[in-house]
1. Which residue pairs have Cβ atoms closer than 6 Å, lie 6 or more positions apart in sequence or on different chains, and pair a first residue in segment 1-12 that is among the small types (Gly, Ala, Ser) with a second residue that is not in a loop (DSSP other than H, G, I, E, B)?
2. Sort out which residues of segment 184-206 are over 10 Å from the mean Cα position of the chain (by Cα), surrounded by fewer than 24 Cβ atoms within 10 Å (Cβ to Cβ) and not β-branched (Val, Ile, Thr), and write them in order of number.
3. Any idea which of (1) open to solvent by 10 Å² or more (accessible area, probe 1.4 Å); (2) in contact (Cβ under 8 Å) with a residue 24 or more places away in the chain is the one Val159 doesn't satisfy?
4. Which strands (runs of 3 or more DSSP E) sit wholly inside segment 7-79 and have at least 2 residues that are open to solvent by less than 10 Å² (accessible area, probe 1.4 Å)?
5. Please work out which residue is modelled with the highest pLDDT, limiting yourself to segment 118-141 and to residues that are within 15 Å of ligand 1 (Cβ to nearest atom) and open to solvent by 60 Å² or more (accessible area, probe 1.4 Å).
6. Is it the case that segment 204-220 has a residue that's over 17 Å from Arg8 (Cα atoms), within 16 Å of ligand 3 (Cβ to nearest atom) and touching a helix residue (DSSP H, G or I) at 6+ places or on another chain (Cβ under 8 Å)?
7. Mind counting the residues in segment 162-176 that are within 8 Å of ligand 1 (Cβ to nearest atom) and either farther than 16 Å from Asp88 by Cα or in contact (Cβ under 8 Å) with a residue 60 or more places away in the chain (or both)?
8. Would you be able to tell me the number of residues in segment 226-268 that are small (Gly, Ala, Ser) and closer than 16 Å to Val7 by Cβ?
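The values are calculated or read from the model by the stated rules, or taken from the named source; none is laboratory data. As the structure is a computational prediction, the values presented were derived from the model and not from experiment. Quick reminder, even Gly has a Cβ in these numbers, built from the backbone with ideal geometry, and neighbours come from all protein chains shown. Ligands, DNA and RNA are stripped out before the accessible areas are found, and what is left, the full protein with its side chains, is counted by its heavy atoms. Shrake-Rupley method; radii C 1.70, N 1.55, O 1.52, S 1.80 Å.
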Amino acid sequence: MSYLERVRALNPLVHNITNLVVAPFTANGLLALGASPFMAYAQEEVADVARIAGAVVLNIGTLDEKVVHSIRLAGQSANANHVPVVLDPVGAGATAYRTETVQQLVRDLRLTVLRGNVAEVAHVIGVPWTIKGVDAGAGEGDRISIAERAAQQLECIVVITGQYDIITDGYQTFIASNGHVLLTQVTGAGCLLSSVVGAFAAVAQPGDDLLSSIAQAVSFYGVAAEQAAALTAQLGPGSFQIELLNQLAKVTPELLSAHAQIRQIRGG
Ligand code: ATP
Ligand code: TZP
Ligand code: MG
Ligand code: MG
């Protein structure tokens, strides 16, 4: 059974502490995929929710002191109960508060997956990277080495997204090239991907190849976006956003295998 089929069969509970821009879109995307979203933020309950979840997805998009406290409690509970933890370091590098917070979180928590754009991931490990407009100028090699360095330093899987997505544990590295530029015109496209990654991490069993399951999550999301764009590109981002939800429900394992563009560039 593919990891996609497993998500749909097992309907994993995904605990999200996310930002106020993307919460409903993320919940709808997880439901469409076949997972069970749970947004829970209160410091009184996050440890209990994280303990029973299949995965915990932590997102600092609209952080404040209370959110950060809840993120830390949820992450610690997940770590203590062997629940996978995904961190989306939204805006790391944009302000000192975000950078310092996220750097402290990665010291305090054991991550399963870190998913962000190249600037965010660079700032998590203290590498300077201009937060806007640098992607185009910097070579693909830079993005790969940032991802691999981050994965080795944090001892977790790192996913750096953009026109091409890099998925690495620091020793084995994949490049996935599905996706569509319309994803850049929908707010929360990255945040939802982080939660989709959480759903795939939730169904990995001990002894499974977790890196392959995360790579499959990233390709699946890119293929869903391509299918959505084929139906709505002439209409625009609003229609694309809705169709993306439809395609998260519709893309089959067979369609995914036929369309996935993924290659291993290191290890294996
Ligand atoms: P950013 O804030 O830099 O937009 P993000 O958190 O929104 O980051 P993205 O890097 O945009 O995350 O990734 C979200 C999804 O969009 C991924 O599936 C990625 O492959 C896809 N994507 C991003 N840019 C492009 C592009 N130019 N062409 C095709 N797909 C893209
Ligand atoms: N502002 C704070 S969080 C957020 C915005 C616009 C959403 C970012 O979502 P994504 O997935 O990184 O585009
Ligand atoms: Mg984006
Ligand atoms: Mg983002």
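1. The qualifying pairs are Ser2/Pro253.
2. Those that are over 10 Å from the mean Cα position of the chain (by Cα), surrounded by fewer than 24 Cβ atoms within 10 Å (Cβ to Cβ) and not β-branched (Val, Ile, Thr): Gln185, Gly188, Ala204, Gln205, Pro206.
3. Here Val159 meets the rest and fails (1).
4. Values: elements: 13-17, 36-39, 55-59.
Of the strands (runs of 3 or more DSSP E) lying wholly inside segment 7-79, those with at least 2 residues that are open to solvent by less than 10 Å² (accessible area, probe 1.4 Å) span 13-17, 55-59.
5. Thr130
6. Within segment 204-220 (the criterion being over 17 Å from Arg8 (Cα atoms), within 16 Å of ligand 3 (Cβ to nearest atom) and touching a helix residue (DSSP H, G or I) at 6+ places or on another chain (Cβ under 8 Å)), the answer is no, since none of the residues qualifies.
7. Let us first name the residues in segment 162-176 that are within 8 Å of ligand 1 (Cβ to nearest atom), namely 162-165, 176.
Narrowing the set further to residues that are either farther than 16 Å from Asp88 by Cα or in contact (Cβ under 8 Å) with a residue 60 or more places away in the chain (or both) leaves 163-164, 176.
Total satisfying the criteria: 3.
8. Taking segment 226-268 first, the residues small (Gly, Ala, Ser) are 228-230, 233, 236, 238-239, 249, 257-258, 260, 267-268.
From what is left, the residues that are closer than 16 Å to Val7 by Cβ are 249, 257, 260.
Adding up the residues that qualify gives 3.
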